[in-house]
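Peer 1: Handing you a structure now.
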Amino acid sequence: MRWLFLLLGSVALAQAVATPGWVRLVPPVVKDTAAYLTLENRGKTPLRLVGAETEVAERVSFHQDHREHRGGQVVLGMRPLPYLDIPPGGRVEFRPGKYHLMLEGLKRPLKAGEKVALVLRFQDGSKLKVILPVEMR
């Protein structure tokens, strides 16, 4: 299977590299899903991921999964994040139990094997287009 990653925008983005990821397959009645991948900053300056978009959902947001203990119980949840910083030489893993891209308000049901294009936006105005397969995991 081939993965396609396209760079759009300024040359400064050449420092951002995405590794293969995937979009979670959800039942047709579910209107939100998550996308996962890893972003690496191969440059010498920090990168700030500030937004994302896709044609298959009304909006895309960043979330971090978290656990907390309340009254002797473990409560699982997620918190929205306004941005994500990637330090020089660092990486951010979007994976189950950590960070994820939340595709909210799916415009139609997704199908296993389908490819979903996401455009990631950085604070400097650069963009990175990634194409991820929909998978049941």
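Quick note: the coordinates plus some simple rules give every number you see, no bench work behind them. Keep in mind that this is a model prediction, so the values were computed, not measured. Here the Cβ is made from the backbone with ideal geometry for all residues, glycine too, and neighbour counts use every protein chain on show.
Peer 1: Would you please give the residues with an amide H less than 5 Å from that of G90, counting only those at least 5 places away or on a separate chain, with H modeled from the backbone geometry?
Peer 2: Under 5 Å from the amide H of G90: N41.
Peer 1: Measuring from a point 7 Å past the Cα of T19 along Cα-to-C-beta, which residues in segment 76-108 have an amide N at less than 13 Å?
Peer 2: Those under the cut-off are 90-95.
Peer 1: Ok, one more. Report, ordered by chain and residue number, the aspartates and glutamates lying within cross-link reach of K107, taken as a straight Cα distance under 17 Å and ignoring same-chain residues fewer than 8 apart.
Peer 2: D32, E53, E55, E58
Peer 1: Let me ask something additional. Net charge within 14 Å of V26 by Cβ-Cβ distance, Lys/Arg positive one each and Asp/Glu negative one each, not counting V26 itself?
Peer 2: In short, +2.
Peer 1: Under 30 Å Cα-Cα from K111, which lysines qualify once same-chain neighbours fewer than 8 residues away are excluded?
Peer 2: K31, K98, K127, K129
Peer 1: Sort V119, V29 so that the residue with the fewest other Cβ atoms within 10 Å of its own Cβ comes first and the one with the most comes last.
Peer 2: V29, V119
Peer 1: Please identify, among V75, V116, V56, the residue showing maximal mean-square fluctuation in a Gaussian network model of the chain using a 10 angstrom Cα cutoff.
Peer 2: V75
Peer 1: If amide H atoms are built 1.01 Å from N in the plane of the peptide, which residues on other chains or at least 5 residues away come under 5 Å of the amide H of L110?
Peer 2: Excluding prolines and chain starts, which carry no amide H, the hits are V26.
Peer 1: Let me know the whole percent of all Cα-Cα pairs from segment 60-129 that are separated by more than 15 Å.
Peer 2: Everything past 15 Å amounts to 68 percent.
Peer 1: Please give the direction-averaged projected area of the C-alpha convex hull for the chain, in square nanometres with one decimal.
Peer 2: Projected area, direction-averaged: 9.2 nm².
Peer 1: May I ask you to order 35-45, 77-87 by the average number of other C-beta atoms within 10 Å around their residues, highest value first?
Peer 2: Answer by packing, highest mean first, reads 35-45, 77-87.
Peer 1: Over segment 37-88, how many percent of alpha carbon pairs lie in each 10 Å bin up to the one with the longest distance?
Peer 2: Result returned by the calculation: 20, 35, 29, 15, 2.
Peer 1: At 0.36 nm per residue, minus the direct Cα-Cα distance, what do T38 and V74 gain on full extension? Give it in nm, one decimal, please.
Peer 2: Length gained between T38 and V74: 10.2 nm.
Peer 1: Let me ask you something else. Using the Karplus equation 6.51 cos²θ - 1.76 cosθ + 1.60 (θ = phi - 60°), what ³J(HN,Hα) coupling, rounded to whole Hz, does each residue of segment 62-69 give in order, writing x for Gly and Pro?
Peer 2: 9, 9, 10, 6, 8, 10, 9, 9
Peer 1: Starting from the Cα of K44, draw a straight line to each of the aspartates and glutamates and keep only those under 18 Å, dropping any in the same chain fewer than 8 residues away.
Peer 2: Within the straight-line cut-off, K44 pairs with D85, D124.
Peer 1: While we're looking at this one, here's another question. Tell me, what HN-Hα J-couplings in whole Hz come from the Karplus equation 6.51 cos²θ - 1.76 cosθ + 1.60 at θ = phi - 60° for each residue of segment 90-98, using x for Gly and Pro?
Peer 2: x, 8, 10, 9, 8, 8, x, x, 10
Peer 1: Hey, got the dipole for the chain? About the Cα centre, +1 on K and R Cβ, -1 on D and E Cβ, debye to the nearest 20?
Peer 2: For the chain, the charge dipole is close to 160 debye.
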